[in-house]
Amino acid sequence: MGALATAVRTRHEIQLRLAHARSTTDELFQVLRDDAFYERPIAERHRVIFYLGHVEAFDWNLLGQRAFGLKRFQPTFDQLFAFGIDPVGGGLPTDQPKDWPARAEVDAYNRRLRSELDWAIDKTFEQPSQGHPHILTMLDAAIEHRLMHAETLAYMFHRLPAENKKAPRAEQRWMAPQVRNRLVGIEAGPATLGLARESKEFGWDNERGMVTVDVPEFAMENHNVSNRQFLLFLQHGGYHNRALWTAADWAWREENAVEHPAFWYRDGNIWMQHGMFGDSRLQLDRPVYVSHAEASAYARWLGRKLPSEEQFHRAAYGVPGSDAQRAYPWGDGEPESRFGNFAFAHWESSPCGAHPAGASAFGVHDLVGNGWEWTRTIFAPHPGFAPMPFYPGYSANFFDGKHYVMKGGSPRTAACMLRRSFRNWFQPHYPYVYAAFRCVEE
Ligand SMILES: [Fe+2]
């Protein structure tokens, strides 16, 4: 293909992806009723109105300012909506709804910056030689940043009462046989983490640098730990057995009176769960969503561990009797809905094992989709790490020994971030993520 044809294809593809990402966040905000925009569903985070401005201001600050050098038209908003909050350490925010601009002002700011950006993007593709040398990477970063917020905002909206939301459509009913979670052997073999430094594919700075490790033989649970299994842990006193928790995890549990997963609550003698659009009895066949601290305590209760990042890779992408590695657990084909619960197809989890076509070559189910997978690996750079010049803090701010790697993806993870090298991370006491887990034995 000639250079011109490649440029036309790239332009078309980028514009389609940006339009899709914008419609994803637009549709998400449309789920909320008007009065919910000034709520703060999670105490450690900003009010919703911040994120309405933030997903746009991020694009504006990165592309409009840094890449295109456009003139600012509302600098106070550029700054107000620039940064989110990482809930490690600091105190809780105390701002009030009246401290934020009116919804109509934020909508107007968003509309104007989108149209200015679209004009500048068009122009840059017409004269690529005069554009910023990293423009394609910056566009990819902007698109993925927005899609990541489409996921973390879903966790946030999940905490709002159903009256604050408009249910878009009925959730799918799943016809899935009840599965038995058992250990399957994963033979020793290679696991390749990361993305080659010279690869033309987009990847965040923490993905760059390819490392192949030899993973010794181990055994892994072939399904996620279900609500049913986790309920047994709870009924056997898991939350009150000090021996199952690290000192820091126990202190967190005590301080916050954590007695069950954040997605559960008790109504008399009945266990219930918070859904996105209403509550229901606890669905026992679904993966349990818990913090890293709770997942680790459960694993200790069984005398098991959470997998390392390398073990996740080996079980997900390795092939028995071979050194070959796949792009996805199901093979090298692009993500499709039959392979797993991801890419915004559903608001809620599906039963464990409902996507057998997506199982890995070792027969491990739901490794990608239906909930991120906690690992016991502390988030750290691959060798030769270099921060992205236009977003130096994206990963480096979290190399503090206080965040754990999650792999895989949830029902609200965009298809592009299901790639093998993608790494997510959270601190161990943040309980609102669509994060599932399974255990290993070594
Ligand atoms: Fe952000």
Practice prompt. Looking for whichever is crowded, with 20+ Cβ neighbours inside 10 Å and touching a residue at least 40 places away in the same chain (Cβ under 8 Å) here; the options are ALA327, ALA386, ALA354. Which one fits?
Written response: ALA354
Worksheet item: Tell me, which residue of the stretch 22-57 that is hydrophobic (A, V, I, L, M, F, W, C) and in a loop (DSSP other than H, G, I, E, B) is nearest to the ligand (Cβ to nearest atom)?
Response: ILE42
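Would you check which residues across the stretch 211-260 are aliphatic (A, V, I, L, M) and under 22 Å from the mean Cα position of the chain (by Cα) and list them? Steps first, answer last, please.
Taking the stretch 211-260 as the starting set, the residues that turn out to be aliphatic (A, V, I, L, M) are 211, 213, 215, 219-220, 225, 231-232, 234, 243-244, 247-248, 251, 257-258.
Within the stretch 211-260, just VAL225 meets the criteria.
Every residue, every condition in (1) touching a helix residue (DSSP H, G or I) at 6+ places or on another chain (Cβ under 8 Å); (2) hydrophobic (A, V, I, L, M, F, W, C); (3) within 30 Å of GLY384 (Cα to Cα), yes or no:
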position	(1), (2), (3)
ALA196	no, yes, yes
HIS223	no, no, no
PHE233	yes, yes, no
ASP249	yes, no, no
ALA262	no, yes, no
ARG266	no, no, no
TRP271	yes, yes, no
GLY278	yes, no, no
SER296	yes, no, no
Worksheet item: Just one of TRP60, TRP119 is at pLDDT 95 or above, farther than 27 Å from PRO168 by Cα and either away from the ligand (no atom under 15 Å from the Cβ) or open to solvent by 80 Å² or more (accessible area, probe 1.4 Å) (or both); which is it?
Response: TRP119
Discussion item. Can you tell me which condition LYS71 does not meet? The list is (1) touching a strand residue (DSSP E or B) at 6+ places or on another chain (Cβ under 6 Å); (2) over 24 Å from PRO411 (Cα atoms), and all the others hold.
Written reply: (1)
Discussion item. Tell me the residue from ALA167, ALA176, ALA191, ALA142 that is of a type in the set (A, V, I, L, M), open to solvent by less than 50 Å² (accessible area, probe 1.4 Å) and closer than 21 Å to HIS346 by Cα, please.
Written reply: ALA176
Practice prompt. Looking only at the stretch 200-208, decide whether some residue is modelled with pLDDT under 95, away from the ligand (no atom under 16 Å from the Cβ), open to solvent by 10 Å² or more (accessible area, probe 1.4 Å) and over 19 Å from the mean Cα position of the chain (by Cα).
Written response: yes
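Can you tell which of ALA176, ALA170 is out of contact with any helix residue (DSSP H, G or I) (no Cβ under 7 Å at 6 or more places or on another chain), over 30 Å from LEU302 (Cα atoms) and not charged (D, E, K, R)? Spell out the reasoning first.
Values: ALA176 fails: over 30 Å from LEU302 (Cα atoms).
From the options ALA176, ALA170, the qualifying one is ALA170.
How many of the residues making up the stretch 93-107 are under 29 Å from the mean Cα position of the chain (by Cα) and exposed (fewer than 11 other Cβ atoms within 10 Å of the Cβ)? Break it down stepwise before answering.
Pass one, the stretch 93-107, residues under 29 Å from the mean Cα position of the chain (by Cα): 93-97, 100-101, 103, 106-107.
Keeping just the survivors that are exposed (fewer than 11 other Cβ atoms within 10 Å of the Cβ) gives 94, 96.
Number satisfying all stated conditions: 2.
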Response to the item:
Matching residues in the stretch 346-374 (in contact with a Pro (Cβ under 7 Å, 6 or more places away or on another chain) and among the aliphatic types (A, V, I, L, M)) number 4
Worksheet item: So ARG112 clears everything in (1) within 26 Å of TYR394 (Cα to Cα); (2) surrounded by fewer than 18 Cβ atoms within 10 Å (Cβ to Cβ) except one condition, right? Which one?
Response: (1)
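The values are calculated or read from the model by the stated rules, or taken from the named source; none is laboratory data. Quick caveat, the model's predicted, so the values are computed rather than measured. So basically every Cβ, Gly included, is an ideal-geometry build from the backbone, and we count neighbours across all protein chains shown. These area figures cover heavy atoms from the full protein model, side chains too; ligands, DNA and RNA do not enter into them. Shrake-Rupley method; radii C 1.70, N 1.55, O 1.52, S 1.80 Å.
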